[in-house]
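First up is the structure itself, then whatever we jot down about it.
The values are calculated or read from the model by the stated rules, or taken from the named source; none is laboratory data. Small disclaimer: the values here were computed from a predicted structure and weren't measured. FYI the Cβ positions are ideal-geometry reconstructions off the backbone, even for glycines, and counts take in every protein chain you see.
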Amino acid sequence: MAASRSVGPENPLSGAVIALDLDGTLVDTAHDLIGTLNWLLAEEGLATLSLEAARPFIGRGARWLIERGFQAADAPLAAGDIPPLLARFLTRYEAHIADESLPFPGCVEALGRLKAQGAKLVVCTNKLTGLSTTLLDALDMTRLFDAVIGADRAPAIKPDPRHLTAAISEVGGSLGRAVMVGDAATDAGAARAASVPLILVSFGYTETPARDLAPDVLIDHFDELPAACARLLGACEG
């Protein structure tokens, strides 16, 4: 009888789940998202925003981006104003979803290394699932993931932990053998509430500096990700 594959200190990634945020974590989408926001602002006769000013508004979904963007343009919205603006935003964004968006340096290589070591990869994003897969398809990244769980496929969105637990469950994982990788407070909140180890990237989109969100590990480049995941999962095994 063949020996079972080791899931211990020698191979802590085997069978583990790595849940990853999308915008600002896996892919640098700021130019296309903010470009669409600025298109919408201009259509409404408002001043556009700089990339630096609007980057922190990314991460809680398109509705939040629009709300914060219009607020920053000194044109706060009433609740009834948002649905038609959101519909226009989504139509235009989907048509330009990968004009300038690219995976962050080292991302694809790091994900390949995680998969080669037996990890399951799932996208856990507040972006709509359809938009997420359209973006990943355009960048030839969908093949890297076992599932994509967007805002519309979860019972609640991050920072609610049910989004993260749904993503882990979707690929047959367990909370005790999972890691959350993100860039912002939404990711940190979901991970902490679900008692899942947290890795944050230092180069993402966040209103609160990633270091101040007290991740278990803060990485500056994707080259660091496989070792960081293995270290946290090894600690879980201990």
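Looking only at the stretch 120-142, residues that are within 30 Å of P12 (Cβ to Cβ), of a type in the set (A, V, I, L, M) and part of a loop (DSSP other than H, G, I, E, B) come to 2 in all.
The set of residues from the stretch 205-214 being touching a helix residue (DSSP H, G or I) at 6+ places or on another chain (Cβ under 7 Å) and surrounded by 20 or more Cβ atoms within 10 Å (Cβ to Cβ) comprises Y205, T206, L213. For the stretch 215-235, how many residues meet the condition of being of a type in the set (A, V, I, L, M) and surrounded by fewer than 14 Cβ atoms within 10 Å (Cβ to Cβ)? Residues that pass the stated criteria total 2.
Within the stretch 125-140, the residues that satisfy the criterion of being among the charged types (D, E, K, R) and within 22 Å of G112 (Cβ to Cβ) are D137, D140. With respect to (1) modelled with pLDDT of 95 or more; (2) of a type in the set (A, V, I, L, M, F, W, C); (3) out of contact with any Leu (no Cβ under 6 Å at 6 or more places or on another chain); (4) within 19 Å of V17 (Cβ to Cβ), the lone exception for C236 is condition (1).
The residue that is surrounded by the most Cβ atoms within 10 Å (Cβ to Cβ), counting only those in the stretch 172-204 that are in a loop (DSSP other than H, G, I, E, B) and not hydrophobic (A, V, I, L, M, F, W, C), is D183.
Entry remark, the stretch 92-114: residues being more than 15 Å from E224 (Cβ to Cβ), over 18 Å from the mean Cα position of the chain (by Cα) and in contact (Cβ under 8 Å) with a residue 24 or more places away in the chain number 3 in total. Scanning the stretch 178-235 for residues that are in contact with an Asp or Glu (Cβ under 8 Å, 6 or more places away or on another chain) and free of Cβ contacts under 8 Å to residues at least 12 places away in the same chain turns up nothing. In the stretch 53-88, of all residues being in contact with a Leu (Cβ under 9 Å, 6 or more places away or on another chain), in a loop (DSSP other than H, G, I, E, B) and free of Cβ contacts under 8 Å to residues at least 40 places away in the same chain, the one that is surrounded by the most Cβ atoms within 10 Å (Cβ to Cβ) corresponds to A73.
The residue that is farthest from P159 (Cα to Cα), counting only those in the stretch 115-124 that are in contact (Cβ under 8 Å) with a residue 40 or more places away in the chain and among the small types (G, A, S), is G118.
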